[in-house]
Amino acid sequence: MSDKINIEIGMAMKSDLKDPATKAAWMSEYESPNPRVCQNCGGTGYLHLFLASGGPFEGVPHGISKWDENLQKWWTGSTKSYPCPVCNSGSA
Ligand SMILES: [Zn+2]
């Protein structure tokens, strides 16, 4: 578990993170089938980011939501996938 983004991210992800509509964002936990192929994305070729557009909420909101361990509250938003900038030329 890490609450810090310490990996290479592409331009598309950077611009989504800077978007004022994005209130919070987390790298999604996912399986790393082959970290030897690429340590950045775990060998999947993609990075997955949960972009929160609503919240934080006290109760469980409708729709796609995510629990925030730090705030102990809920966010709504969506998960986006981005090509890994290290192994999948995700610079566009
Ligand atoms: Zn990669």
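The values are calculated or read from the model by the stated rules, or taken from the named source; none is laboratory data. Fair warning: this is a prediction, and the values are worked out from it, not measured in the lab. When we count neighbours, we look across all protein chains shown, and the Cβ atoms used for this are built from the backbone with ideal geometry, even at glycine.
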request  = Look through 15, 89 and report the one residue that is part of a helix (DSSP H, G or I) and free of Cβ contacts under 8 Å to residues at least 12 places away in the same chain.
outcome  = 15
query = Looking at this structure, is residue 53 among the small types (Gly, Ala, Ser), more than 8 Å from the ligand (Cβ to nearest atom) and modelled with pLDDT under 95?
reply = no
message = Quick test for you: out of 82, 46, pick the one residue that is surrounded by 15 or more Cβ atoms within 10 Å (Cβ to Cβ), aromatic (Phe, Trp, Tyr), touching a residue at least 60 places away in the same chain (Cβ under 8 Å) and within 16 Å of the ligand (Cβ to nearest atom).
response = 82
request  = Among the residues of the range 23-40, write down those that are out of contact with any Ser or Thr (no Cβ under 7 Å at 6 or more places or on another chain) and more than 15 Å from the ligand (Cβ to nearest atom).
outcome  = 24, 25, 26, 29
